[in-house]
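**Q** I am attaching a structure below and will ask some questions about it afterwards.
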Ligand code: A3P
């Protein structure tokens, strides 16, 4: 897991360097009414993405930014890589000289030629995305590729996003949490509104090829979560192998390894890794506003219920 990240780190380093040189107002651009970071996404790539051909054995991870996508992404990649070792023509993704088999794992990030290169990747491809379901290429739903949908309570997502935005040059900075909160509530975030995201994905949550998992339940019982994910994707791992994936995905293990897996992003990404850090940042007013919008937009929706707002978001 740790060696095969040279391209990932190169993309991050370039985005950081470019972000440092850009004017704050140029950091994000609008595409089909959603904001994205200009340093790593582009309209040309979005256009090219429309012709991306999903495979029915692709392993998708969908999650709004800051929901723990790097965490669950590591679990998925580790599960798939470990399972692939059972097959005859296993081509180790751990090989140092195997860089050409690496693409930045988020589908919508990169250059417009990436989707052609992805055709040469062996199955099963592990693909992450922050996109709304309607903005995914049509082939994803047509091929019925399996999707793991990751959601996290909105207050911890906002808290995590605030720190992430302020620490990284490619994203807008905020003087106060209150300033950030205002934009978060309006959906003026890279990849758009959290509430739109959960609302739109809720419409798909009943599909048989989609499994939903919450950050909070994975925190509660990682071993169970890893086993369920493995079963959903029909990956056949021994108990010992599953335990290895569980051990390698602890917050401590991932943080320790983060310089080799995530480069400059590592020290920022692996911040707290906990549930309820929002209590250190939300005022009474923030709580009221969040409670209200949650009630309006997400209560009664399938995913809104799964988030257990009453358990994780009440003071
Ligand atoms: P915090 O900022 O609250 O610490 P994403 O990968 O989607 O950007 O999400 C980042 C969040 O996932 C961060 O939350 C990060 O600490 C948390 N995270 C990363 N690895 C984790 C792990 N192994 N266990 C728990 N949380 C983890």
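The values are calculated or read from the model by the stated rules, or taken from the named source; none is laboratory data. Please read these numbers as outputs of a predicted model, since none were measured by experiment. For neighbour counting, all protein chains shown are included, and Cβ atoms are generated from backbone atoms with ideal geometry for every residue, glycine included.
**Q** Under 7 Å by Cβ, and 6 or more places apart or on different chains, what pairs join a residue from region 230-242 that is free of Cβ contacts under 8 Å to residues at least 12 places away in the same chain with one that is buried (at least 16 other Cβ atoms within 10 Å of the Cβ) and in a loop (DSSP other than H, G, I, E, B)?
**A** Qualifying pairs under 7 Å: none.
**Q** Next question. Say we look at region 1-35 and pick out the residues that are in a helix (DSSP H, G or I), within 18 Å of the chain's Cα centre (by Cα) and within 11 Å of residue 262 (Cα to Cα); which of these is modelled with the lowest pLDDT?
**A** 7
**Q** Separate question: Can you report the number of residues in region 82-109 which are at pLDDT 95 or above and in a loop (DSSP other than H, G, I, E, B)?
**A** 4
**Q** Among the residues of region 163-177 satisfying the criterion of being crowded, with 19+ Cβ neighbours inside 10 Å and not in a helix (DSSP H, G or I), which is farthest from the ligand (Cβ to nearest atom)?
**A** Top of the filtered list is 172.
**Q** For region 240-287, how many residues are in a loop (DSSP other than H, G, I, E, B) and either over 28 Å from residue 308 (Cα atoms) or more than 9 Å from the ligand (Cβ to nearest atom) (or both)?
**A** Qualifying residue count, region 240-287: 5.
**Q** Okay, moving on. Could you give every pair whose Cβ atoms fall below 6 Å, whose first residue belongs to region 58-77 and is in contact (Cβ under 8 Å) with a residue 60 or more places away in the chain and closer than 19 Å to residue 200 by Cβ, and whose second residue is assigned to a helix (DSSP H, G or I) and more than 9 Å from the ligand (Cβ to nearest atom), counting only separations of at least 6 or pairs across chains?
**A** These pairs meet every condition: 61/76; 64/194; 64/197.
**Q** In the list 123, 139, 160, which residue meets the criterion of being part of a helix (DSSP H, G or I), more than 16 Å from the ligand (Cβ to nearest atom) and either touching a helix residue (DSSP H, G or I) at 6+ places or on another chain (Cβ under 7 Å) or farther than 20 Å from residue 13 by Cα (or both)?
**A** 139
**Q** Within region 66-75, is even one residue touching a strand residue (DSSP E or B) at 6+ places or on another chain (Cβ under 8 Å), away from the ligand (no atom under 16 Å from the Cβ), at pLDDT 95 or above and under 25 Å from residue 254 (Cβ atoms)?
**A** No, every residue in region 66-75 fails to be touching a strand residue (DSSP E or B) at 6+ places or on another chain (Cβ under 8 Å), away from the ligand (no atom under 16 Å from the Cβ), at pLDDT 95 or above and under 25 Å from residue 254 (Cβ atoms).
**Q** Search region 182-214 for residues being part of a helix (DSSP H, G or I) and touching a strand residue (DSSP E or B) at 6+ places or on another chain (Cβ under 7 Å), and hand back the single one that is surrounded by the fewest Cβ atoms within 10 Å (Cβ to Cβ).
**A** This residue is 201.
**Q** State all residues of region 215-232 that are surrounded by fewer than 19 Cβ atoms within 10 Å (Cβ to Cβ) and either modelled with pLDDT under 95 or more than 9 Å from the ligand (Cβ to nearest atom) (or both); if no residue qualifies, say none.
**A** 217, 220, 221, 223, 224, 227, 228, 231, 232
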